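Comments concern the structure below.
Laboratory data are not the source of any read-out in this text; all were calculated from the coordinates shown. The shown structure was predicted, so the numbers you read here are calculated from the model rather than taken from an experiment. Counting neighbours? That spans all protein chains shown, and the Cβs are built from the backbone with ideal geometry, glycine included.
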Amino acid sequence: METSNVLRNVFAPLLATAILLAAGPAFAQAQERTVAAEAEAVARPVTCPAPFSVTLDAKTPYVLTSDIGSIKNYQTSLGSPQKPDTAYLHTFVWKHERRCCQVTSAVLTVQMKALLPGQSTSSNDAGNDDISIIHAGVPVPPHNERVYTHPPVNFPFAAGQTATKVWSLSPAALGLLNANGYLTLYVEDDTMVQSATLQLSGCCLTN
């Protein structure tokens, strides 16, 4: 009887160790599958319940005066042969028809033409004109730069020089658009704006 107990005490731990070693690979594989499944779930893109895409344009003149700060001398019509030293302003208004909607990306495209010649990017003519997205009269970085840059524009240039800006909106600009429902474009004073569009893409949580 004592011999049987001794053998049991010796072999029981060995048997338990053997069982654990045999089960080890299966347990490790199960853990690996669990980790892989969790990683896949995190990486899997979430499907938008109701995506939307809309293009706003500046064909109908409009400016939200509360968003332009101290700017006084301006006009709002596309293609207007306005006098030099008159800025162009337009406020794009986003009216989403459904609840719980958010713009996730936006592209602003502006086509322009110089009303005056431009000697350089610092000369007191069309050469130093800026284009900006503004809020409360202040540019929203990084959307603030010269209309005419080299390349593609060569200096000096004559009146009638064209320029096109295509901006993908920054997170800051998207944040303003989502928070307020509007965004204001400013083009400095010796340049005519021929067209301006704001292409929006986003997601709504409900139809």
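Please find the FRET efficiency linking residue 170 to residue 83, where r is the Cβ-Cβ separation and R0 is fixed at 22 Å, and quote it to the nearest 0.05.
Details: r = 33 Å, r/R0 = 1.48.
My answer for the efficiency is 0.10.
May I ask you to work out the translational diffusion coefficient for segment 61-134 at 4 °C, viscosity 1.567 mPa s, via Stokes-Einstein with Rh from the Kirkwood sum over Cα pairs, reported in whole µm²/s?
Numbers: Rh = 14.9 Å.
Calculated translational D: 87 µm²/s.
Gain in length, residue 73 to residue 104, computed as 0.36 nm per residue apart minus the alpha-carbon separation, to one decimal in nm?
Details: separation 31, 0.36 × 31 = 11.16 nm, distance 3.36 nm.
This chain segment gains 7.8 nm when fully extended.
Less than 15 Å Cβ to Cβ from residue 179, Lys/Arg counted +1 and Asp/Glu -1: what total charge do the surrounding residues give?
Values: positive: 95; negative: 67.
Its environment carries a net charge of 0.
Report, in debye and to the nearest 20, how large the dipole of segment 50-204 comes out about its Cα centre when Lys and Arg carry +1 and Asp and Glu carry -1 on their Cβ. Mind dumping the intermediate values first?
On the way: 9 positive and 11 negative charges, 99 e Å.
Computed about the Cα centre, the dipole is about 480 debye.
Tell me which residues come under 5 Å, amide H to amide H, from residue 190 once H is placed; ignore anything under 5 positions away on its chain.
Under 5 Å from the amide H of residue 190 lie the amide H atoms of 85, each far enough along the sequence or on another chain.
Among all the lysines, which ones have a C-alpha under 18 Å from residue 165's C-alpha, if same-chain residues fewer than 8 places away are not counted?
Reachable lysines: 59, 113.
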